[in-house]
Amino acid sequence: MSERDQQKLIALLEQRLGVKWADIQEWLRSVNGLDEIERRLVTGQYPIVGVEDAARRLADEIHGAYVTAGQTQAEWLDRHPRTADTLVRFDTGQAAVVDRQRRNELATVQGLSTESRDVLRTVFVEGAQSGVNPRQMATRIRDSIGLTGQQEQWVANYRRALEQQDYSRALGYELSNGHADRTVASAQRRDVSISPERIDEMVEQYRSNAIDYRAETIARTEAQGAAEAGATDSIQQAVSRGDVQADELIVEWHAGPATLDSRPDHQAMDGVTVRFGEDFILPDGTAMSGPHDPRGGANHNANCRCTKSTRIDL
């Protein structure tokens, strides 16, 4: 698959996963109403339900993106003159594919469940220290749904700044919107407080913006990973069946945009090629099958925009 085709596929998967992530989080919030969260707190129950179900829904979407990538790669191989006499297909029933789905679901459920517990732990500790009542605690918990610990702090701090009339600080939050900022600026000029109802509306919009921000991050990361894994596994199936020979396949690393925060090691890899099945060796000595290989760890994978393409060397 060419670099252009790979980029188009990733863009499609990013859009799909971003929408699905936002939908999943809104569903999770719908089954965790403020009154229900408060009731669970008062009766000593765990305050949020449905996190594992939400994680499984996300895992299904990620696996769907992986399958789409595998099928797209197989279709590209099937159209190639080298395989004109061969019917190339991506077999989703293979044990390796089924095992990948299982491992992906397990990792997603564990990751989101742990993240949710960590956020709640912070909320509980800070709530106990400040002596908030159950309703206030429930409000903060509901605000936190779908966010990382850091993002939950952004939302909590934004609400605190509004409630304490620390308007200069509230105006400094990047994820606030123009309408809310105008309300804050007006209250600051007139030296008045903002009503609790209006604060709730502004915090909800801020939370929604944070959800969108996270959706974009998750969609980009998962779409790229699914695209790379699906394409690689699809080619591996074709090689195993004898549809194409591994030594005929050339894999090329394409560096992401050359921005101020791009990795020099990745920029140095732009245009580097290896035979299919061989590792790329980065300047720091790290061996990776390509961008987003888990062996690279967060040091090489977090927010990486690199891709790879495969061609048949006739």
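For the condition under 25 Å from Gln101 (Cα atoms), acidic (Asp, Glu), at pLDDT 90 or above and assigned to a helix (DSSP H, G or I), what is the one hit in Asp265, Asp233? Exactly one of Asp265, Asp233 is under 25 Å from Gln101 (Cα atoms), acidic (Asp, Glu), at pLDDT 90 or above and assigned to a helix (DSSP H, G or I), namely Asp233.
Hey, among the residues in the stretch 138-154 that are aliphatic (A, V, I, L, M) and more than 16 Å from Ala22 (Cβ to Cβ), which one's surrounded by the fewest Cβ atoms within 10 Å (Cβ to Cβ)? So, considering only residues that are aliphatic (A, V, I, L, M) and more than 16 Å from Ala22 (Cβ to Cβ), the one surrounded by the fewest Cβ atoms within 10 Å (Cβ to Cβ) is Ile141. Selection of helices (runs of 4 or more DSSP H) fully inside the stretch 1-97 by the criterion of at least 2 residues being open to solvent by 70 Å² or more (accessible area, probe 1.4 Å), over 17 Å from Arg142 (Cα atoms) and not polar (S, T, N, Q) returns 3-30, 51-79.
This table checks each residue for (1) over 29 Å from His80 (Cβ atoms); (2) among the aliphatic types (A, V, I, L, M).
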| residue | (1), (2) |
| --- | --- |
| Ala11 | no, yes |
| Gln15 | no, no |
| Leu28 | yes, yes |
| Gly33 | yes, no |
| Ala65 | no, yes |
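The set of residues from the stretch 160-170 being buried (at least 22 other Cβ atoms within 10 Å of the Cβ) and not small (Gly, Ala, Ser) comprises just one member, Leu162. With respect to being over 17 Å from Tyr206 (Cβ atoms), among the polar types (S, T, N, Q) and either touching a strand residue (DSSP E or B) at 6+ places or on another chain (Cβ under 9 Å) or modelled with pLDDT of 90 or more (or both), Thr122 falls outside the description.
If we scan the stretch 271-289, do we find a residue that is part of a helix (DSSP H, G or I), out of contact with any strand residue (DSSP E or B) (no Cβ under 7 Å at 6 or more places or on another chain) and either surrounded by 12 or more Cβ atoms within 10 Å (Cβ to Cβ) or modelled with pLDDT under 90 (or both)? No: the stretch 271-289 contains no residue that is part of a helix (DSSP H, G or I), out of contact with any strand residue (DSSP E or B) (no Cβ under 7 Å at 6 or more places or on another chain) and either surrounded by 12 or more Cβ atoms within 10 Å (Cβ to Cβ) or modelled with pLDDT under 90 (or both). Restricting the stretch 207-242 to residues that are of a type in the set (Lys, Arg) and touching a helix residue (DSSP H, G or I) at 6+ places or on another chain (Cβ under 6 Å), the residue that is farthest from Glu14 (Cα to Cα) is Arg207. Is it the case that the stretch 199-217 has a residue that's outside any helix (DSSP H, G or I) and surrounded by fewer than 19 Cβ atoms within 10 Å (Cβ to Cβ)? Within the stretch 199-217, none of the residues are outside any helix (DSSP H, G or I) and surrounded by fewer than 19 Cβ atoms within 10 Å (Cβ to Cβ). Being within 17 Å of Arg29 (Cα to Cα), outside any loop (DSSP other than H, G, I, E, B) and under 26 Å from the mean Cα position of the chain (by Cα) is not true of Asp118. Could you list all residues from the stretch 172-192 that are exposed (fewer than 13 other Cβ atoms within 10 Å of the Cβ), of a type in the set (Gly, Ala, Ser) and part of a loop (DSSP other than H, G, I, E, B)? Correct list: Gly172 only.
Are any of the residues in the stretch 83-93 more than 30 Å from Thr310 (Cα to Cα) and in contact (Cβ under 8 Å) with a residue 12 or more places away in the chain?
No: the stretch 83-93 contains no residue that is more than 30 Å from Thr310 (Cα to Cα) and in contact (Cβ under 8 Å) with a residue 12 or more places away in the chain.
Counting only residues that are in contact with a Leu (Cβ under 7 Å, 6 or more places away or on another chain) and either hydrophobic (A, V, I, L, M, F, W, C) or open to solvent by 70 Å² or more (accessible area, probe 1.4 Å) (or both), the stretch 254-269 holds 1 of them.
The values are calculated or read from the model by the stated rules, or taken from the named source; none is laboratory data. As the structure is a computational prediction, the values presented were derived from the model and not from experiment. Virtual Cβ from ideal backbone geometry, glycine too; neighbours counted across all protein chains shown. When the accessible area is computed, the model is the full protein with side chains, heavy atoms only, and any ligands, DNA or RNA have been set aside. Shrake-Rupley method; radii C 1.70, N 1.55, O 1.52, S 1.80 Å.
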